[in-house]
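The values are calculated or read from the model by the stated rules, or taken from the named source; none is laboratory data. These numbers come from a predicted model, not from an experiment. Here the Cβ positions follow ideal geometry from the backbone for every residue, glycine too, while neighbour counts run over all protein chains shown.
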Amino acid sequence: MASIMTNISAMTALQSLNSTNKSLETTQSRISTGYRVGSAEDNAAYWSIATTMRSDNGALSTVKDALGLGAATIDVAYTGMNNAIEVTKEIKNKLVAARQPGIDRAKVQSEVAELQNQLLSISESSVFSGENWLSVDSSAATYNSTKTIVASFSRSGGAVSIGTISVDLTTTELIDSNDQSGILDSEDTTTNGAVTYSVTTLDISTLTDTDDDLADLEQMISWVDDGISSMTTAASNLGAVKQRTNLQKEFVNSLMDAIDRGVGALVDADMNEESTRLQALQVQQQLGIQALSIANQNSQQILSLFR
């Protein structure tokens, strides 16, 4: 039936053209943004997963920064510990030399005193970002014998957890100004002279060549050697923690890349596919416009019936 009130062909052509335009708009949006799922209306489940994982990846980026900061703090403490070991070795060498009868121990003590000052300087200056793991004050309100480095961020069943790497300062501290419990300021008392001393305070300037004084000097040498052994162990512990921190940092970096790839697989647009679809839709759009134009001409043809 030919009707001027209802043009069925034009209506059909218009619906097809509108559908093509909508698909074309979606494809153009994917090409311009690079996302197949750019908002919740595209795919609510994938969008929710991607948003959560992007948030977690941001937290992992902060964890990586924290690991870098922790590694730097450990490195400063490790460097200070190594230098303290070398200086303490020199003190030990001076004491061994002073064991020889006839040595002017007052002059040797002047050298030892400078080395002791150097030990204090090393301990006090091994600071990074306000953290000093070699010289502490255990009586301070902010003191904590266990230092932690943020090492991981994970999510399980909606609950998040933060993993840390711990360092026990009681095994690394060289100086504790509160109770002299550090490696270098822990005290011993000579057997014969009853003189209380530490690596940083020992004084041999008054010792003579008597058997008792020489025995006390040997005791000091042994005490200094014990200090070197303790610092060597502490340096080994710091080195192990530093290695773990670096490995964890590499893992977090790889994990972030893996999460990016996973999110991309969910929401990224395939540009090869979208470009092919765009060309096909553009052709469909042109044909739809032409079909609508032809359908609109049907009403004009009815006029020929009344001529």
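Side notes on the structure shown:
- Failed item, numbered, when Asp179 is tested on (1) exposed (fewer than 13 other Cβ atoms within 10 Å of the Cβ); (2) over 20 Å from Thr62 (Cα atoms); (3) without any contact (Cβ under 8 Å) to a residue 24 or more places away in the chain: (3)
- Out of Ala77, Ala44, one residue alone is modelled with pLDDT of 85 or more and not assigned by TED's automatic domain parsing to the domain that holds Gln243. It is Ala44.
Residues checked against (1) farther than 25 Å from Ile165 by Cα; (2) in the same structural domain as Asp185 (by TED's automatic domain parsing); (3) touching a helix residue (DSSP H, G or I) at 6+ places or on another chain (Cβ under 7 Å); (4) at pLDDT below 95:
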position: Asn18; (1), (2), (3), (4): yes, no, no, yes
position: Ser23; (1), (2), (3), (4): yes, no, yes, yes
position: Thr26; (1), (2), (3), (4): yes, no, no, yes
position: Ser48; (1), (2), (3), (4): yes, no, no, yes
position: Ala66; (1), (2), (3), (4): no, yes, no, yes
position: Ala71; (1), (2), (3), (4): no, yes, yes, yes
position: Ala84; (1), (2), (3), (4): no, yes, yes, no
position: Asn93; (1), (2), (3), (4): yes, yes, no, no
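- Evaluated against (1) of a type in the set (Gly, Ala, Ser); (2) out of contact with any Ser or Thr (no Cβ under 8 Å at 6 or more places or on another chain); (3) in contact (Cβ under 8 Å) with a residue 60 or more places away in the chain, Ser32 falls short on exactly one condition, (3).
- So Thr142, is it out of contact with any strand residue (DSSP E or B) (no Cβ under 9 Å at 6 or more places or on another chain) and under 23 Å from Gly227 (Cα atoms): no
- Checked against (1) of a type outside the set (A, V, I, L, M); (2) assigned to a helix (DSSP H, G or I); (3) in contact (Cβ under 8 Å) with a residue 12 or more places away in the chain, Gly102 meets all criteria but (2).
- Those residues of the stretch 143-166 which are at pLDDT below 90 and surrounded by fewer than 10 Cβ atoms within 10 Å (Cβ to Cβ), in sequence order: Ser156, Gly157, Gly158, Ala159
- The set of residues from the stretch 129-178 being over 16 Å from Ala77 (Cβ atoms), among the β-branched types (Val, Ile, Thr) and touching a Gly at 6+ places or on another chain (Cβ under 9 Å) comprises just one member, Val150.
- Count of the stretch 211-252 residues, restricted to those that are surrounded by 14 or more Cβ atoms within 10 Å (Cβ to Cβ) and farther than 26 Å from Leu95 by Cβ, is 12.
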